[in-house]
Amino acid sequence: MPLPPDQTTSTSAPVPEGASLADLVAAAAGCQACDLWRRGTQTVFGAGPPDAELMLVGEQPGDREDLEGAPFVGPAGKVLDRGLRAAGITRERAYATNVVKHFKWTPRGKRRLHQTPNAAEQAACRPWLEAELALVRPTVLVALGATAATSLLGRSFRVTRDRGRFVESSLAPYVLATVHPSSILRSQGDDERERAMDGFIADLSVAASVLEGDDRATAGEGRP
Ligand code: URA
């Protein structure tokens, strides 16, 4: 079956007023605010404790997430879990979600190759993320990768330059960005992968320092 064109229409996601997280999940299941609903198997909404102190925001669900209907359950999720564990945070403590809630992909042989969601798709999905932020009200918000970082923190944000330190934002008391866990999977060779993982853990440890209530975050790397 031919895929629909990249982007033909986008409106704003239909977020019901006064909704709980469960209401949002139900409403988002039928979201057609952009054309990605035609491509993905299902809406992949955020998951985790509704009162989580930590919110993790990725780009969009991947192949596994699209099939299973939950965020970060595939290979990138395994890297994320390892990073969190090494930083002293259990995944169960975090609410994980994505900027875009449908999987955007293009066929390559039998595989479905990830495609970065464009600005209109990110904007169409934005009300869901805003509603999640308003309900969960995390103390710490971590953007995973450039799409999430620029979507949350502005187009001038550079993960390579600005990662691993708290930046001023109205979205949460403590906001930082780090690399996307899938970038670690794309590392060339063991040494590079190990270095990338160490950097990821270091960034997550800055987030963890606030959750643990210790003062590492305010000693140099702290909130502006
Ligand atoms: N990559 C993301 O950005 N989010 C997921 O949920 C899975 C992979």
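Here are a few things to note about the model shown:
- Between Ala26 and Arg93, the simple spin-label model (points 7 angstrom out along Cα→Cβ) gives 3.3 nm.
- Accessible surface of the chain, 1.4 Å probe, proportion on carbon and sulfur as whole %: 51 percent
- Shape call, segment 130-181: gyration tensor on alpha carbons, a/c limit 1.5: prolate
- Taking all protein chains together and rolling a 1.4 Å probe, Thr106 ends up with roughly 40 Å² accessible.
- With a Förster radius of 35 Å applied to the beta-carbon distance between Glu194 and Asp51, the computed FRET efficiency rounds to 0.50.
- Residue-normalised accessible area of the chain, given per residue in Å² at a 1.4 Å probe: 48 Å²
- Each of Asp66, Asp190, Asp81, Asp23 has its accessible area taken with a 1.4 Å probe; listed largest first, they run Asp190, Asp23, Asp81, Asp66.
The values are calculated or read from the model by the stated rules, or taken from the named source; none is laboratory data. The shown structure was predicted, so the numbers you read here are calculated from the model rather than taken from an experiment. With ideal geometry, Cβ positions are generated from the backbone for all residues, glycine too; neighbour counts draw on all protein chains shown. Surface accessibility is based on the protein's heavy atoms, side chains included, excluding ligands, DNA and RNA. Shrake-Rupley method; radii C 1.70, N 1.55, O 1.52, S 1.80 Å.
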